[in-house]
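The values are calculated or read from the model by the stated rules, or taken from the named source; none is laboratory data. These numbers were taken from a predicted model, which means no experiment stands behind them. All Cβ positions, glycine included, derive from the backbone under ideal geometry; neighbour counts span all protein chains shown.
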Ligand SMILES: Nc1ncnc2c1ncn2[C@@H]1O[C@H](COP(=O)(O)OP(=O)(O)OP(=O)(O)O)[C@@H](O)[C@H]1O
Ligand SMILES: Cc1ncc(C[n+]2csc(CCOP(=O)(O)O)c2C)c(N)n1
Ligand SMILES: [Mg+2]
């Protein structure tokens, strides 16, 4: 298959019809795509790259077996970032660095089926891309979405003292599945790692409310909430016993599963803050209050306040510290997933 046959046979042909198609003046097939933007809408854009051996397994057997899931997940992680702005995803561009051994109809069809399955589920259309050859599989997807009035974008920077902190779905499932793939619980949770569900409808509903801050959880709850703390210049209280847990993960010892929930990553849940007078929207995705934005008075009452704004963990009403680490025996490292560490 040549590069041009591949694009034509797989990406232009396998795409199902979608409602967004009528807003695309030119999709796959020219030098760039042309989209009709709804009058008054704001354009929301993001990009995420998935790399063999870093975002999914390095070995070829896994990459071959996971073709559908890799296609699905590369769309899902972008839809999640668009949802985290309070927006609705509309269309995507796909840049594919494809190893020779995957440039065959079987692998590409399975990959495209996963990709288009996610596109259909979340109402997005593939409008173009770029295909090159490389020795490892690397997938970059950029997504664009829209926010139309009365919805407004939700930033990381708007959390206010007294707001309630919420998180959607359940946490820690993907991380457990990644680290324990051969256990019964790991296998029950494998779908949460390979085919995560971005909270598209919830993100959209939160864009209709005066949601004060929002982020999607990709690198671990604690680390991602740190971004809300520094952008909003607030301290967050997290009550660890309130972290939502799936029934499969609840089988695991409390301290161990909490570590996955706080630091594991790959959750693609939404964390957000709302003024206490507001109720979170009711969509198919459950949400749970897990803490609050600390007021200056609440902070002043703490035995110790870190210098920089950050989340503070509580268990049974008491701050979790190195001296009083319960429910942990020793405080685990709370940094989540990082591509580069501090050392050079
Ligand atoms: N190479 C880059 N060039 C320009 N901006 C970048 C680059 N890498 C990251 N950014 C920007 O930095 C900000 C944070 O990026 P980051 O990738 O950490 O986002 P995230 O949503 O927290 O993580 P995820 O990759 O899991 O979606 C975003 O605004 C992103 O666009
Ligand atoms: C083989 C393998 N190793 C590790 C992980 C875990 N992992 C990789 S990237 C990431 C954060 C989001 O990435 P980004 O910040 O680039 O969007 C996480 C939690 C995985 N899924 N597969
Ligand atoms: Mg994000």
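Remarks
- Test: residue in the stretch 83-99 that is on the phi > 0 side of the Ramachandran plot, touching a residue at least 12 places away in the same chain (Cβ under 8 Å) and crowded, with 22+ Cβ neighbours inside 10 Å: yes
- Residue-level check: of (1) exposed (fewer than 14 other Cβ atoms within 10 Å of the Cβ); (2) modelled with pLDDT of 95 or more, residue 315 misses just (1).
- Test: residue 203 is over 20 Å from residue 263 (Cβ atoms), in contact (Cβ under 8 Å) with a residue 12 or more places away in the chain and over 15 Å from the mean Cα position of the chain (by Cα): no
- Identity of the residue in the stretch 165-194, in a loop (DSSP other than H, G, I, E, B) and more than 16 Å from the chain's Cα centre (by Cα), that ends up surrounded by the most Cβ atoms within 10 Å (Cβ to Cβ): 189
- Filtering the stretch 285-305 for residues that are without any contact (Cβ under 8 Å) to a residue 12 or more places away in the chain, on the phi < 0 side of the Ramachandran plot and surrounded by 13 or more Cβ atoms within 10 Å (Cβ to Cβ) leaves an empty set.
- Residue count for the stretch 1-15 under the criterion of being exposed (fewer than 11 other Cβ atoms within 10 Å of the Cβ) and either under 26 Å from the mean Cα position of the chain (by Cα) or touching a residue at least 60 places away in the same chain (Cβ under 8 Å) (or both): the result is 0.
- The set of residues from the stretch 44-92 being in contact with a strand residue (DSSP E or B) (Cβ under 9 Å, 6 or more places away or on another chain), within 16 Å of ligand 3 (Cβ to nearest atom), within 24 Å of residue 178 (Cα to Cα) and part of a helix (DSSP H, G or I) comprises 73, 74, 75, 77, 78, 79, 80, 81.
- Evaluated against (1) within 16 Å of ligand 3 (Cβ to nearest atom); (2) buried (at least 17 other Cβ atoms within 10 Å of the Cβ); (3) modelled with pLDDT under 95, residue 337 falls short on exactly one condition, (2).
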